[in-house]
Structure formats: C-alpha cells, structure tokens
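Here the structure is laid out as structure tokens; the discussion comes afterwards.
Bear in mind these aren't lab numbers, they're just calculated from the coordinates by the rules spelled out. Treat the numbers as computed from the prediction; the structure is a model and nothing was measured. Neighbour counts are summed over all protein chains in view; Cβ atoms, including those assigned to glycine, are modelled from backbone coordinates with ideal geometry.
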Amino acid sequence: MLRLLNIELQKLRYNRSAKVISIVYFVLITFIALIASIEFPLGSVNFRVADQGIFNFPFIWHFNTYVAAILKIFLAIVIVSMMSNEYSYRTLKQNLIDGLSKKEFVLSKFITVIGFALISTLFVFIVSMILGLSFSDYNEFGIIFSDMEYLLAYFIKLVGFFAFCMFLGILVKRSAFAIGFLVVWWIVESIVYGLLKWQFFKGTDIAETISQFFPLEAMSNLIKEPMTRLGAVQSAATQLGENFTKSYDVTFLNVAIVLVWTFLFVYWSYAILKKRDL
Amino acid sequence: MQSILTLNNLTKKFGPITAVKNLSFTIEKGNVYGILGPNGSGKSTTLGIVLNVVNKTNGSYHWFDGSDSTHNALKKVGAIIEHPNFYPYMTAVQNLALVCKIKGVPTSKIDEKLEVVGLLDRKNSKFRTFSLGMKQRLAIASALLNDPEILILDEPTNGLDPQGIHQIREIIKKIASEGTTILLASHLLDEVEKVCSHVVILRKGESLYTGTVDEMNASHGFFILQASDMGVLETELKNHAGFGKIKKEGDTLVAYLEEPMDASTLNQELQQKGIVLSHLVKRKESLEEQFLELTKNLN
C-alpha cells in the first residue's frame, strides 16, 4: 500500500504543472474564507454576507462542502493528466516491465485519488472550523459537530468524481480529450434528463428517479444546493408565496449509488488495462 | 542448466494477423541469446508477451522455475524495449529512484550503474535534455539497477550514430563478460554475431532455428569440390566420418564439415584413395549468408 502511494507521489512530486494546479486548488479552498469579507451597502445598512448565517454551525458544513466541491475540476485535471501522461510518455509500459503489475498500477492511482480526497476534506474541515468559530452564532459543542455527514458526502463525492476522471484518463489516453469527454458526458446526462423530463415522462417524477443513477447526477445529488436553505432566502421566498419543502439531507441511497460507480470506474480501469496490448 | 525463461507454443494474434506462431524456446543461465529476424517478424511482440505488456493468445511461458507471478519475476529482470521510456520532467537520478521503488531495491546502486554507462556527470540533468544515445544508456543503467538475472535488450542500437552503437556494444560485452544472461533482439546480424552465443531466428512469427551461433554458422566451414569422377568422389565423401551434409551445386559438390579439417589434409587423403581434385575451396559461411539461406528456403 505505502509502496504504491510512494511510487505515485514520486511521479507527481517532480511534475511542475501537477504541483502548481494542486497548490492553486488548496489555496482556493482556503479562499472560501474570503466570502466572509464580502460586504456591500444596502440602503443605510452595511450588508455583510458573513452575518447572513451562512457561517452558522451546522449549516456551514453544508455550505462549505458545496462551494468547495465546485473547485474539484482543478484536481480533475491533475488526475486525468497523471493517467494519460503514463500513456504519452510510454512509462506505463516501462512500469509494467520493471515489475509493477497492472493491478498495482491502477491501485497506486486509486490510492492517490483517495489521498487527494482525504486532504481536500481535511482542508474544508479546517477552513470551516475556523470560519465557523469566528462567525457562527451558535458555538455549542453539540451543534458544531452535528450534520458532519456533509463532510463524508464531500469525501465520497470527490473520490467518485476522481475515479471517473481516472477511468476517462485510461480510456481516452489523452488529457485534453479526456476532459472533453467529461464535458460531453455531462451534456449527454443533461440532454437525457431533459428528454425524460419534458418528453417521455412529462409531469411525473420518473425522470428524477432514473437520472439519480447517472454518475455525475448522483455525485451532485450527494450535496444539494444550500442556497434555498438560508434563512434570508427562505423568508424572501415565503413572502413571494413560494415554499421550499425539499430535503437537504445526505441520503443513504445517493451514497450507495456513488460508491457503486466508484467501484465500477476502478474496476473498468483495471479491465481496460488488462485487455489492452501496450 | 538453470532455466530462466521457458516458452511453450506461444501464439499471438492481432486480429487476422498472427504475429507469433507456436514459438517455443528456453533461455538458460549464463548464455547470451540473440533473437534475429527481419522487421515485423514478431521479435518485439514475443518480448512484449513475456514482459507482461502484451497479452498472449495461446500457449504459455514462465520465468525461472515458474513458481512466481510474472510481475514479481520481472523484478529480477532488467529490460529495455525499442526506445527508452522515462518521465521527461525528472532527472536521471529521480527516474532511477522511481525504478528502484518499483523493483523494491535500495537506491544505493544508482551512482554505480550510472558510472557503468558513463552518465554519472549528467545525473542531475532532466531526462528530456538527453540525446537518444544518452537516453538509451540511461535505460541500460535502469535495467541494471537490480543486478538482474537476465538483461533483455530490444533493438538497443536502433537509431544511434556509430559512436553510440559502439558505446552500447561495449557496455553489452562488458555486462556479458560478467556472466549476466542476456537476451538481445535485433535485425542487425553482425551485432548478434559479435555478441551472442545462441540464436533464435524468427520469420513471420515462426522459429526457423534455435541453437548456438557456432552450429548455425557451420563453424567448421565447408568444401567446394570437383573431380573428374564425381560419382566416386561423392561416395567417398559420404563414407567419410568428417562430413555431414553433402549437396550438389552445378558441377561441384558442397560438403559440410562436422569436425575441423584443413584443405591440404583432405586433398592428401583423397589422393591416397586415387581421387584427383580439379577444384578445392574451403569456405566459412557468415551468419548473414546462413540467415538469408534460412529465411529464403521458406519463401
């Protein structure tokens, strides 16, 4: 295990672009804190975003994991290129000749993916903790550590997404095309959802029932958008006669779907590699 | 003899094309083997299969006594194929350190191996700044890191300039003289003749010859003979213990020697038996002639 992680880290450590993008990614996560400083005058009062309750425990777990997850595309680039580089440098072949098995190769990449997700989760935890302790209205121990499932969901979401990127990297062999494929896949999911929703099953919930099994949709369902949950937005909506009654919980079904996809992506990566002549 | 690699009826098909057909041979410890064959004869595919990067269609192979998995066995093997593959953004030392991690050997030998291939002064240069010859030498250093039981080289001098070719050959000879088993794939006949003790000759994925270079080379040579009474000459030669194959070529007889004999001895012996030669030439076949002969016969 440690040997495989060690091998992969050696490959990443000296790769300048991978290093730069990873650093940018983690710096950007810490910049979530900057939201706190956004303020603008609203009539006679100064409107501060930080005072609107977005940094209240436990809501902050939901809000920060949601915002931080948007940044995952940066790491996706690193992961796709760490797969496709092995093809373009032909080092995959050399690694196998040197005595790495195909299983070990895929595992070393997947362990790295888990490592990236873990560090990201840790970062989000620390940043949220600092922000929350500075701005939250409630600082009781029990409240701070409630709703922690959003961190778990964030971790699983990253692992699932990165496993998808890893699979695309192996499948397509070229970083740019793999990223393109990712975008195309996202568009296809949206089109299929649109067709189901507005053509085939108009006026029912069947489209949602089906689309929750799509990989990207499942990942995005893990952490639902937190905006409409904000007190300010809710009261504004009530005045307009709109009522948000949706659940923002992390559901077991969503977690299970993403875990199954993760397993499939890793397994397919291995299967492709095993079948291919290099 | 301890066997290092055994192939049994190995077959590889790429769609309708059969790249390797029922190939069987054994590599034994301490010898220097050459795999000879024209381009596209299946040399690299064969090596690819035993090196775990190409999937076989049929047949089997095993490393050493066959008790270990291929990828674990490969940790005791050093191999370079076609052209050197390293991470361009890493220095020579960093690349070799990575290979050490994969093979599970200590990094202490890096400097020693860089010295062997004469790259020690460039050890902290990035791989992408290397010339082809240097890249190839780095690949050899990398293959030597684990002090391999066998060193596999696929076209190691391809694309190099004469100096580079010479350097690589010197390194190979040096390694061979230290008793390391070597398997060298090449289409350059003189290269194999100069370095190898055994050859496997491939053509269109089939093995035409497996054995020592000396045997293939008909190292005792052959006589081209002519006499007034060819019938008597032929009978005499057939009864002679020193000759193997005898064939007619135009007006002459070509007799292949099975043991060393010089032309004057033969002349004397035949004269004692009343056969007077009108034509007597002793020649040695080059590997190239033998190779062309072997590959031609099957056309």
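For B:Val200, the residues whose modelled amide H falls within less than 5 Å of its own, excluding neighbours fewer than 5 places apart on the same chain, are B:Gly34, B:Ile35, B:Leu36.
Sorting B:Lys248, B:Lys113, B:Lys13, A:Lys11 on the 10 Å Cβ count, fewest up front, what's the list? If you can, show how the numbers build up before the last one.
Details: B:Lys248 10, B:Lys113 21, B:Lys13 14, A:Lys11 24.
Sorted ascending by nearby Cβ count, the order is B:Lys248, B:Lys13, B:Lys113, A:Lys11.
Apply the Debye scattering formula to chain B, with a single equal point scatterer on each alpha-carbon and no solvent, then give log10 I(q)/I(0) at q = 0.10, 0.13, 0.15 Å⁻¹. Listed by q, the Debye log ratios stand at -0.65, -0.93, -1.12.
In this simple spin-label model, placing a label point 7 Å from the Cα along the Cα-to-Cβ direction at both A:Met1 and A:Leu122 gives a separation of 1.5 nm. Looking at the protein assembly as shown alone, DSSP beta bridges between its own residues are antiparallel in about 70 percent of cases.
Relative to the compact-globule estimate of 2.2 N^0.38 Å, the Cα radius of gyration of the range B:159-274 comes out at 1.48. Distant-in-sequence amide contacts of B:Leu5, defined by a placed amide H-H separation under 5 Å and a gap of 5 or more residues or a different chain, comprise B:Ile27, B:Phe64. Taken as Cα centroids, the range A:50-70 and the range B:1-64 sit 60 Å apart, rounded to the nearest whole angstrom.
Only counting other Cβ atoms within 10 Å, I'd like A:Thr228, B:Thr70 sorted with the fewest neighbours first. Don't skip to the answer; put the middle values down first.
Numbers: A:Thr228 13, B:Thr70 18.
Arranged by neighbour count, lowest to highest, A:Thr228, B:Thr70 become A:Thr228, B:Thr70.
Applied to the range A:93-100, the Karplus parametrisation 6.51 cos²θ - 1.76 cosθ + 1.60 on θ = phi - 60° returns per-residue 3J(HN,Hα) values of 4, 5, 4, 5, 5, 6, x, 8 Hz, with x for Gly and Pro.
About the Cα centre of the range B:3-216, what is the dipole size in debye to 20, counting +1 per Lys and Arg Cβ and -1 per Asp and Glu Cβ, all else neutral?
Values: 24 positive and 21 negative charges, 157 e Å.
Once rounded to the nearest 20, the dipole reads 760 debye.
Residues B:Tyr209, B:Tyr33, ranked from the fewest to the most other C-beta atoms within 10 Å, line up as B:Tyr209, B:Tyr33.
Altogether, the Stokes-Einstein calculation at 4 °C and 1.567 mPa s, with the Kirkwood radius of the range A:130-226 over Cα pairs as Rh, returns a diffusion coefficient of 80 µm²/s. Charge tally around B:Leu10: other residues with Cβ under 10 Å, Lys/Arg +1 each, Asp/Glu -1 each, net +3.
Could you give the dipole magnitude of the protein assembly as shown about its Cα centre, charging the beta-carbon of Lys and Arg +1 and that of Asp and Glu -1, in debye to the nearest 20? Each step should come with its number before you reach the end.
On the way: 56 positive and 52 negative charges, 165 e Å.
Dipole of the protein assembly as shown, to the nearest 20 debye: 800 debye.
For the range B:1-138, how big is Rg over Rh, using alpha carbon atoms and the Kirkwood form of Rh?
Numbers: Rg = 17.2 Å, Rh = 17.0 Å.
Reported Rg/Rh (Cα atoms, Kirkwood Rh): 1.01.
Farthest towards the positive end of the charge dipole of the protein assembly as shown, among the residues A:Phe116, A:Ile170, B:Asn8, is the Cα of A:Phe116, using unit charges on the Cβ of Lys, Arg, Asp and Glu.
Normalised by the number of residues in chain A, the mean separation of alpha-carbon contacts (under 8 Å, six or more apart) gives a relative contact order of 25 percent.
For B:Gln167, the shell of other residues with beta-carbons less than 13 Å away shows a net charge of +3, using +1 for Lys and Arg and -1 for Asp and Glu. As an equivalent ellipsoid, the protein assembly as shown spans semi-axes of 72, 25, 17 angstrom, where each value is the square root of five times an eigenvalue of the C-alpha gyration tensor, largest first.
Computed from phi, the 3J(HN,Hα) profile of the range B:126-136 under the Karplus parametrisation 6.51, -1.76, 1.60 (θ = phi - 60°) reads 5, 4, 5, 8, 7, 7, 4, x, 5, 4, 5 Hz, with x in place of Gly and Pro.
Give the dimensionless ratio obtained when the Cα radius of gyration of the range A:66-133 is divided by 2.2 N^0.38 Å.
Details: Rg = 16.0 Å, N = 68, 2.2 N^0.38 = 10.9 Å.
Dividing the Cα radius of gyration by 2.2 N^0.38 Å gives 1.46.
Applying 1/(1 + (r/R0)^6) with R0 = 25 Å to the Cβ-Cβ distance of A:Ser17 and B:Thr107 gives a FRET efficiency near 0.45. Under 5 Å from the amide H of B:Phe243 lie the amide H atoms of B:Glu258, each residue being 5 or more positions distant or on a separate chain, with H modelled from the backbone and absent for Pro and chain starts.
Going Cα to Cα from B:Lys282, which lysines come in below 21 Å? Please leave out same-chain ones fewer than 8 positions away. Of all the lysines, those that pass the test against B:Lys282 - Cα under 21 Å, at least 8 places apart if same chain - are B:Lys238, B:Lys245, B:Lys247, B:Lys248, B:Lys273. Check the straight Cα-Cα distances from A:Lys19 and name the lysines below 25 Å, setting aside those fewer than 8 residues away within the same chain. Hits, sequence-local ones excluded: A:Lys11, A:Lys72, A:Lys93, A:Lys109, A:Lys157, A:Lys173, B:Lys101, B:Lys123, B:Lys126.
As I understand it, the value is the acute angle between the Cα axis of helix B:162-177 and the longest principal axis of the Cα atoms of chain B; what does it come to in degrees, rounded to 10? Roughly 90 degrees, rounded to the nearest 10.
Any chance you could list the semi-axes, whole Å, largest first, of the equivalent ellipsoid that the Cα gyration tensor gives for chain A, using √(5λ)? Intermediate values should be presented prior to the final figure.
Details: eigenvalues 274, 118, 51 Å².
In descending order the semi-axes read 37, 24, 16 Å.
What's the angle, to the nearest 10 degrees (0 to 90), between helix B:287-297's Cα axis and the longest principal axis of chain B? Relative to chain B, helix B:287-297 is tipped by roughly 80 degrees. Computed from phi, the 3J(HN,Hα) profile of the range B:40-51 under the Karplus parametrisation 6.51, -1.76, 1.60 (θ = phi - 60°) reads x, 8, x, 4, 5, 5, 4, 5, x, 5, 6, 9 Hz, with x in place of Gly and Pro. Taking A:Phe145, A:Phe213, A:Phe57 in turn, the Gaussian network model of chain A (Cα-Cα springs below 10 Å) assigns the largest fluctuation to A:Phe145.
Using only alpha carbons, build the gyration tensor for the range B:109-211 and give me the equivalent ellipsoid semi-axes, biggest first, whole Å. Numbers along the way, then the final one.
Numbers: eigenvalues 135, 49, 27 Å².
After diagonalising the Cα gyration tensor, the semi-axes are 26, 16, 12 Å.
Tell me the angle of helix A:175-195 to the major Cα principal axis of chain A, expressed in degrees between 0 and 90 and rounded to the nearest ten. Value to nearest ten degrees: 50. Around A:Lys157, what is the net charge, scoring Lys/Arg as +1 and Asp/Glu as -1 over all other residues with Cβ under 14 Å from its Cβ? After counting each charged neighbour, the total is -1. So, in Å, what gap is there between the alpha-carbon centers of the range A:169-190 and the range B:136-180? With the range A:169-190 and the range B:136-180 each reduced to a Cα centre, they are spaced 41 Å.
Using a Förster distance of 35 angstrom, determine the FRET efficiency expected from the C-beta separation of B:Glu258 and B:Asn58, and round it to 0.05. Show your work: numbers first, answer last.
On the way: r = 38 Å, r/R0 = 1.07.
Efficiency, from the Cβ-Cβ distance: 0.40.
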